[in-house]
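Only the coordinates and a few stated rules stand behind these numbers; no lab work does. A quick note: this is a predicted structure, and the numbers were derived from the prediction, not measured. Neighbour counts run over all protein chains shown; Cβ positions are idealised from the backbone, glycine included.
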2 protein chains.
Amino acid sequence: MAKVRHSRFDCDPGCAVEATISLIDGKWKCVVLFHLLTGTMRFNEIRRQISGVTQRTLTNQLRELEEDGLIERKIYAQVPPKVEYTVTPLGRSLQPILVALKFWGDENIGRFGKPERANAA
Amino acid sequence: MAKVRHSRFDCDPGCAVEATISLIDGKWKCVVLFHLLTGTMRFNEIRRQISGVTQRTLTNQLRELEEDGLIERKIYAQVPPKVEYTVTPLGRSLQPILVALKFWGDENIGRFGKPERANAA
DNA sequence: CAGGATCCAACATGATACTG
DNA sequence: CAGTATCATGTTGGATCCTG
């Protein structure tokens with residue numbers, strides 16, 4: 001539901017949750033974050049790691065992550081452009097949560113659940 | 001990105017994260033979950049707690065939460081319909097993560113960040 | 001290399017009205 | 001009471017082509 005992005009979260013207790021989720025929501029953001037947590041990467045480097053993303057979408061996701069202060073974008077003024085992406089301390093502070101989310105998913109969806117409602121899958 | 005729901009998560013490490021997020025993604029799901037974590041509630045009871053939701057949307061969110069096994073829907077065969085919603089053990093197992101997400105949001109967005117990109121807000 | 005521009009389909013949510 | 005049905009809208013993300 002990335003459309004909400006940074007809701008006021010001063011309403012119900014779930015709003016802050018929603019606000020946080022909106023930061024890592026987006027079809028590829030968590031994947032990107034996971035990769036960047038292992039180190040700085042260039043655009044096409046990220047792109048190669050994640051198969052299935054289009055340039056446009058990856059660019060958008062990176063832009064949003066940047067605007068949200070989770071990653072940093074460093075541009076080198078060179079003839080063949082070079083742009084590096086790095087997680088910021090703020091982004092890194094999400095690591096435990098990301099890991100927890102991944103762990104929960106592996107445990108509950110992979111093992112005994114596997115809901116498989118899958119409207120899109 | 002609720003449209004992805006239960007992606008294969010057998011690809012990149014972020015996929016399980018995405019799959020988990022998809023369960024609590026949806027403009028009101030976390031709010032609903034937070035409320036239900038405090039106890040069983042009826043439909044309109046939930047609706048009254050959360051101002052701003054339409055019947056249709058709340059119904060949808062509840063259905064998805066139910067299909068994902070996070071909440072249980074108990075229907076009483078009565079003349080004035082009565083339906084109760086309760087979190088399942090699986091849903092309750094998400095509590096720590098929800099709390100962590102809320103905590104992070106309160107800390108980072110509320111305190112020194114408050115990105116405020118806000119395209120919708 | 002790292003995008004920007006444009007077009008488009010799918011979906012999520014809202015508004016409103018109706019019902020067993 | 002707890003929905004369902006229908007309509008309308010905005011956003012996301014994909015496809016494709018172009019560029020400094």
Within 14 Å of chain B (Cβ to nearest Cβ), away from DNA strand D (no atom under 13 Å from the Cβ), out of contact with any strand residue (DSSP E or B) (no Cβ under 7 Å at 6 or more places or on another chain) and touching a residue at least 24 places away in the same chain (Cβ under 8 Å): does that describe A:R92? yes
Members of the range A:32-66 that are away from DNA strand D (no atom under 11 Å from the Cβ), crowded, with 17+ Cβ neighbours inside 10 Å and at the interface with chain B (Cβ under 9 Å from one of its Cβ atoms): A:V32, A:L33, A:F34, A:H35
Selection within the range A:40-77 - away from DNA strand C (no atom under 11 Å from the Cβ), of a type outside the set (D, E, K, R) and in a helix (DSSP H, G or I): A:Q49, A:L65
